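The values are calculated or read from the model by the stated rules, or taken from the named source; none is laboratory data. No experiment lies behind these values; they were computed from the predicted model shown. Cβ placement follows ideal geometry from the backbone for every residue including glycine, while neighbour counts extend to all protein chains displayed.
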Amino acid sequence: MKRELSSWFSPSLQKEMPIATYGDYGFALLLVPTAAADYLEYERFQLMDVLAPFVDSGKVKVFSVNSINKESWLNNEMEGAHKAIRHNQFNNYIYNEVVPFIKNATSVDTPIITCGASFGALHSMNLFLKRPDLINGVIAMSGVYDLTEYTKGYFDEEVYFNSPMHYMPNLTDHHILEQIRQSQHIHILTGSGEYEAPYAAGTIASILYNKGINYELDTWGPEWKHDWPTWKAMLPKYLATRF
């Protein structure tokens, strides 16, 4: 499997940001790390190994970015308002820097699907729903789509607008809603085992349903825990059967 590491100084984040790229061809899968992890997390936990057949066959080209959660929601020394500011800088990094990088490495019409597990699922869903003109779909695994789960009680307008469970019920912009509705790839996956939150998946699915948005909700059984074996089973299954 072809693997390339790139890096640049991000104007949005004012720091060096690395990115790992796997493969040559196919639609673009943008991986967002879990919690406080980095851009090599999916490789380290052997998820890239199970994706290798799809990468090597040219079905998908994978891009894995760094998390900055330790500089925002997981930074206990930072005020809530500053965490929200940093979070929005991350969004800008994805939209204004990573998306052009992906397009340059593929083509202007290559679809981009965001994907993440746990906290990465929330980010992936949020990145798609906020900018469906740039992101074409999402595979969200084991997510909780309420950002207040991570804000330690802090809530302001910026938390609201990055928390899909808060802003989606009130979204009335017809243009944005139509762009979301055009996606054929909104996949909400969850296990029912230890530390999983199937209720959260069901709640975001219900919100999308009420907005006339097509989605796929897939709840796996109690043997599927909030852990890497679950995600290493889910993602290749969906790449094999939905793309």
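Okay, here's what the table says:
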| quantity | calculated |
| --- | --- |
| Number of positions in segment 12-44 that are part of a loop (DSSP other than H, G, I, E, B), out of contact with any Gly (no Cβ under 9 Å at 6 or more places or on another chain) and among the polar types (S, T, N, Q) | 2 |
| Unique match (being in a helix (DSSP H, G or I) and out of contact with any Pro (no Cβ under 6 Å at 6 or more places or on another chain)) among 231, 224 | 231 |
| Members of segment 45-80 found to be part of a helix (DSSP H, G or I) and at pLDDT 95 or above, listed by number | 47, 48, 49, 50, 51, 52, 53, 54, 55, 56 |
| Condition broken by residue 6, with the remaining ones in (1) over 17 Å from residue 237 (Cα atoms); (2) free of Cβ contacts under 8 Å to residues at least 60 places away in the same chain satisfied | (2) |
| Filter result (in a helix (DSSP H, G or I) and surrounded by 14 or more Cβ atoms within 10 Å (Cβ to Cβ)) within segment 97-110 | 97, 98, 99, 101, 102, 103, 105 |
| Test: residue 179 is within 18 Å of residue 214 (Cα to Cα) and of a type outside the set (Gly, Ala, Ser) | yes |
| Evaluation of residue 219 against (1) buried (at least 17 other Cβ atoms within 10 Å of the Cβ); (2) in contact with a Pro (Cβ under 8 Å, 6 or more places away or on another chain); (3) polar (S, T, N, Q) (one fails), failing number | (1) |
| The listed residue being within 13 Å of the chain's Cα centre (by Cα) and in contact (Cβ under 8 Å) with a residue 12 or more places away in the chain, out of 55, 50, 32 | 32 |
| Restricting segment 58-81 to residues that are without any contact (Cβ under 8 Å) to a residue 24 or more places away in the chain and surrounded by 13 or more Cβ atoms within 10 Å (Cβ to Cβ), the residue that is farthest from the chain's Cα centre (by Cα) | 78 |
| Top-ranked residue of segment 154-180 - restricted to ones that are without any contact (Cβ under 8 Å) to a residue 12 or more places away in the chain and surrounded by fewer than 14 Cβ atoms within 10 Å (Cβ to Cβ), ranked as nearest to residue 235 (Cα to Cα) | 178 |
| Scope segment 98-117; condition free of Cβ contacts under 8 Å to residues at least 40 places away in the same chain and not basic (Lys, Arg); matching residues | 99, 100, 104, 107, 108, 109 |
| Long-range neighbours under 7 Å by Cβ, at least six apart or interchain, first residue farther than 16 Å from residue 70 by Cβ within segment 86-97, second of a type in the set (A, V, I, L, M, F, W, C) | 91/127; 94/127; 95/134 |
| Odd one out for residue 240, checked against (1) under 16 Å from residue 115 (Cβ atoms); (2) touching a helix residue (DSSP H, G or I) at 6+ places or on another chain (Cβ under 8 Å); (3) crowded, with 16+ Cβ neighbours inside 10 Å | (3) |
